[in-house]
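Just below is one structure, and these are the notes that go with it.
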Amino acid sequence: MTRHFISLSDAGGDGVAAILADAIDRKAARAHLPKGTMDADAPLAGRTLAMIFEKNSTRTRVSFDMAIRQLGGTALVLEGGTSQIGRGETIADTARVLSRMVDAIMIRTDDHAKIEEMARHATVPVINGLTDLSHPCQIVADLQTVLESGLALPGSQWAWLGDGNNVLHSIIEAAGLFKFDVRVAVPEGYEPDPRFGDEAQARGARITLTRDAVEAVSGADVIVTDTWISMGQDHAEAKLAAMMPYQVNDALMAAAKADARFLHCLPAHRGEEVTDTVIDGPRSLVWDEAENRLHAQKAVLRWCFGQLGE
Ligand code: CP
Ligand code: NVA
């Protein structure tokens, strides 16, 4: 069966654990190599990845491109605006055509329904490079970063501050797979989709919602935030004002554990969701987190091609 990676649950807890182990091992094994050099075993030699972007990207684009190169394959990019998708060719027809020419498809799109449609009609793996609903590839990198920092996932305490968005949805999904707790501090009207919390709790995670940023970070091991205005959303002053009490700054970090780690998927809006002192401070892991997009995406690709997991 074709392995799509639309959500973390597509791989399941064991699959994501296998992806994380491979990402960590492969990163260590090639630490001394120039970035443009292939891994010695070139496990995806001869494979081509098509990347479709209907929204901007720096990390996702570069990490997938470098990932497939290091694994021995190649990538090509289709921009929404310059491909026929931008003129109305259907997602289903695009999926059928690309499946005849490439070995896998990564898509970043505004509407999650589009990626589900793509997966229904593609006969090659389809990977979620971010939708309005979720960002699973980012969270694989986040989990890798937390593991590499020496924190075990089960039972760890995470705090999310700000907007209840796509990145948070995937963190909550990960919490269900790895049994960690997430305290979500968001202003009224910006809560995450409750389906994610319900499912994670059914799997054994504890997801709690609060309006109090200090309460959320008290005793937390991992503090996470993201932009207050995601791609495709209006730049509303009212939203920015509502988010201000959830800014991750030194005062808030002081309420977390002394060794609490700070994560942000980037790009950051310094002075909004996070201050310079925190993102550039000693507890910030954001540059490791960004680098791990590359290592994580390599392992996701290998999983899609049946090289990892059961
Ligand atoms: N974090 C992330 O997905 O970054 P890009 O938007 O630059 O791809
Ligand atoms: N929540 C952000 C993540 C960017 C990587 C967005 O969707 O724009």
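Here are the numbers for the structure shown:
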item: Selection within the range 109-139 - crowded, with 22+ Cβ neighbours inside 10 Å, within 16 Å of ligand 1 (Cβ to nearest atom) and not in a helix (DSSP H, G or I); result: Thr109, Ile127, Asn128, Gly129, Leu130, Thr131, Ser134, His135
item: Contacts under 6 angstrom Cβ, first residue in the range 218-235 being under 15 Å from Ser170 (Cα atoms), partner within 7 Å of ligand 2 (Cβ to nearest atom) and outside any loop (DSSP other than H, G, I, E, B), 6 or more apart; result: Asp226/Val167
item: Extreme residue, surrounded by the most Cβ atoms within 10 Å (Cβ to Cβ), among residues of the range 186-233 that are within 20 Å of Arg283 (Cα to Cα) and of a type in the set (Gly, Ala, Ser); result: Ala216
item: Selected residue (only one of Ala255, Ala260, Ala241 is of a type in the set (A, V, I, L, M, F, W, C) and either within 14 Å of ligand 1 (Cβ to nearest atom) or surrounded by fewer than 17 Cβ atoms within 10 Å (Cβ to Cβ) (or both)); result: Ala241
item: Tally of residues being in contact with a strand residue (DSSP E or B) (Cβ under 6 Å, 6 or more places away or on another chain) and outside any loop (DSSP other than H, G, I, E, B) across the range 147-160; result: 4
item: Gly73, sole failed condition from (1) modelled with pLDDT under 95; (2) surrounded by 14 or more Cβ atoms within 10 Å (Cβ to Cβ); (3) of a type outside the set (Ser, Thr, Tyr); result: (1)
item: Positions within the range 222-238 being over 9 Å from Asp163 (Cα atoms), within 14 Å of ligand 2 (Cβ to nearest atom) and among the charged types (D, E, K, R), in sequence order; result: Asp234
item: Where a residue in the range 138-159 is of a type in the set (D, E, K, R) and its partner, wherever it lies, is buried (at least 20 other Cβ atoms within 10 Å of the Cβ) and modelled with pLDDT of 95 or more, with Cβ under 8 Å and at least six apart; result: Asp142/Ile171; Asp142/Ala174; Asp142/Val224; Asp142/Leu263; Asp142/Cys265; Asp142/Glu289; Asp142/Asn292; Glu148/Asn292
item: Residue pairs meeting the criteria (Cβ under 7 Å; at least 6 apart or on separate chains; first free of Cβ contacts under 8 Å to residues at least 24 places away in the same chain, in the range 251-270; second within 16 Å of ligand 2 (Cβ to nearest atom)); result: Arg270/Ile279
item: Ile229 at pLDDT 95 or above, of a type in the set (Val, Ile, Thr), within 16 Å of ligand 1 (Cβ to nearest atom) and within 20 Å of Glu272 (Cβ to Cβ); result: yes
item: Matching residues, the range 239-277, being acidic (Asp, Glu) and under 13 Å from Gly162 (Cα atoms); result: Glu272, Glu273
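Per-residue answers, yes or no, for (1) of a type outside the set (Lys, Arg); (2) within 21 Å of Gln138 (Cβ to Cβ); (3) modelled with pLDDT of 95 or more:
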residue: Gln201; (1), (2), (3): yes, no, yes
residue: Arg206; (1), (2), (3): no, no, yes
residue: Ser218; (1), (2), (3): yes, no, yes
residue: Val224; (1), (2), (3): yes, yes, yes
residue: Asn249; (1), (2), (3): yes, no, yes
residue: Ala258; (1), (2), (3): yes, no, yes
residue: Glu273; (1), (2), (3): yes, yes, yes
residue: Asp276; (1), (2), (3): yes, no, yes
residue: Lys298; (1), (2), (3): no, yes, yes
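The values are calculated or read from the model by the stated rules, or taken from the named source; none is laboratory data. Note that this is a predicted model, so its numbers are computed, not measured. Note that each Cβ is placed from the backbone with ideal geometry, even for glycine, and that neighbours are counted across all protein chains shown.
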